[in-house]
Number of protein chains: 2
Amino acid sequence: MGIAERRQKEKAEMRQNILDAAMDLFVSEGFENVSIRKIAEKIEYHPSTIYLYFEDKDSIIFELHNIGFMKLLEKQMSIQNVADPVERLFAHGRAYLEFALENQHYYDIMFILPNPTIKIANCPRWEGKDRAYDLLKKNIDQCMDAGHFSGLTDDGLAFILWSLMHGIASLHIRRGVVLAEFYEGQTSNLVDYSLTMLHTFVEKLM
Amino acid sequence: MGIAERRQKEKAEMRQNILDAAMDLFVSEGFENVSIRKIAEKIEYHPSTIYLYFEDKDSIIFELHNIGFMKLLEKQMSIQNVADPVERLFAHGRAYLEFALENQHYYDIMFILPNPTIKIANCPRWEGKDRAYDLLKKNIDQCMDAGHFSGLTDDGLAFILWSLMHGIASLHIRRGVVLAEFYEGQTSNLVDYSLTMLHTFVEKLM
DNA sequence: TGACAAAATCAACAGTGTTGATTATATTTG
DNA sequence: CAAATATAATCAACACTGTTGATTTTGTCA
């Protein structure tokens, strides 16, 4: 069965090629300007060929969406070794914001663009979001175990914190609104500013 | 000059017709499925005719974006008579969320879709966002004058609050993530839940 | 009524996602 | 090795999309 195995590997490589080309175009040409035909041209295949590897265009975007969640989760896992639970929660927030601003196109696909949402609706149970959410909630629980955030629920705080982080990230990515007052072009500025705000803020909740 | 005046009025009516048709399609057919040709069919004109009234498709969306900001501002003005500044701030938040969830398509155009952002970039100074932002900041300032939120800046708090409200609204509109835990289909549920959270939260900041 | 300007239409261009039929390329069998 | 078969890639076409220059219809005024 060595041959079927190789077939499978080639298929996977081709899928990856397509995904890479799509992501490249996404970054270089922007949102709307990535087309099946341009992807095909980039990998030097006929447009039809892509349909042998993906059901349709949305499936490609959905796959990029999944890859983005993998990357986010990986980044979030990398700070789980921070000892103090509150510090860990801040690191968690920083990791989220850094991910969003350093991978704006992934973040766009994951949380802002409508296309993946459509696919998710047809996807009975997609665990990516749950894993990210559970990780946040676990961190919050551990803060609570350490005696913080009394009077709040973990779900409630998770809801607020995620919404806040997403709000900051997405208002930035679709800028022109609100953030012009703070933002002067450097990503780090916004992350630092936001984290300072988050500190001021979460400390009052503790 | 009665004739030129009528001409102008007819032109304005036609523009409004186009905008109405576009918004209808937006609501009924959804995001991507509104095309110049469908708008034309709806108002029973030839597609080309639309280009006599709008420069291009993005201009139509940009105009809807502006109308949305007018509506939001109007709603926010309507609660400015609440006497207590802190109560007024909460009413402000509620108005924002209600607007977002009751006019999801407007909110989408205003804050989520990429198209208007492109047009804004070419628009040297578009005051819509400023007016909404200034109103929020004014309310915050008045809370501060009443002795609340010591140790915070008005810009900082405005940044946090707007980001939070936008995060809640946009995660809801592009749902499937996070909110499934809370959201059970009724808009009012989410508004009430969010407002409860906001209360718990802002009271600790005071 | 004829001249002129404004409004609407037409036909076409280049681009899009997608698909059924067709050709080329491997792989397996006789 | 050659024939038969399964897989991969291409092709041509369909029905869309936004947009525009040329053309026709409509309305207004002398």
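The values are calculated or read from the model by the stated rules, or taken from the named source; none is laboratory data. Predicted model only: the values in this text are computed from it and were never measured. Note that each Cβ is placed from the backbone with ideal geometry, even for glycine, and that neighbours are counted across all protein chains shown. Note: accessible area is taken over every heavy atom of the protein model, side chains too, but ligands, DNA and RNA are not part of it. Shrake-Rupley method; radii C 1.70, N 1.55, O 1.52, S 1.80 Å.
Details
- Only one of A:ILE67, A:ILE109, A:ILE60, A:ILE39 that is within 16 Å of DNA strand D (Cβ to nearest atom), in a helix (DSSP H, G or I) and touching a residue at least 24 places away in the same chain (Cβ under 8 Å): A:ILE60
- Taking the listed residues B:GLU74, B:GLU63, the one that is away from DNA strand C (no atom under 16 Å from the Cβ), open to solvent by 60 Å² or more (accessible area, probe 1.4 Å), closer than 30 Å to B:LYS138 by Cα and out of contact with any Pro (no Cβ under 8 Å at 6 or more places or on another chain) is B:GLU74, with no other qualifying.
- Candidate set: the range A:1-55, residues that are within 14 Å of chain B (Cβ to nearest Cβ) and away from DNA strand C (no atom under 11 Å from the Cβ); chosen: the one surrounded by the fewest Cβ atoms within 10 Å (Cβ to Cβ): A:GLY30
- Condition check for B:ARG15: assigned to a helix (DSSP H, G or I) and either under 16 Å from B:ILE109 (Cβ atoms) or within 12 Å of DNA strand D (Cβ to nearest atom) (or both): no
- Count of the range B:145-171 residues which are more than 9 Å from chain A (Cβ to nearest Cβ) and either within 17 Å of A:SER194 (Cβ to Cβ) or buried (at least 20 other Cβ atoms within 10 Å of the Cβ) (or both): 4
- If only residues of the range A:77-97 that are of a type in the set (A, V, I, L, M) and outside any helix (DSSP H, G or I) are counted, the one that is farthest from the chain's Cα centre (by Cα) is A:ALA83.
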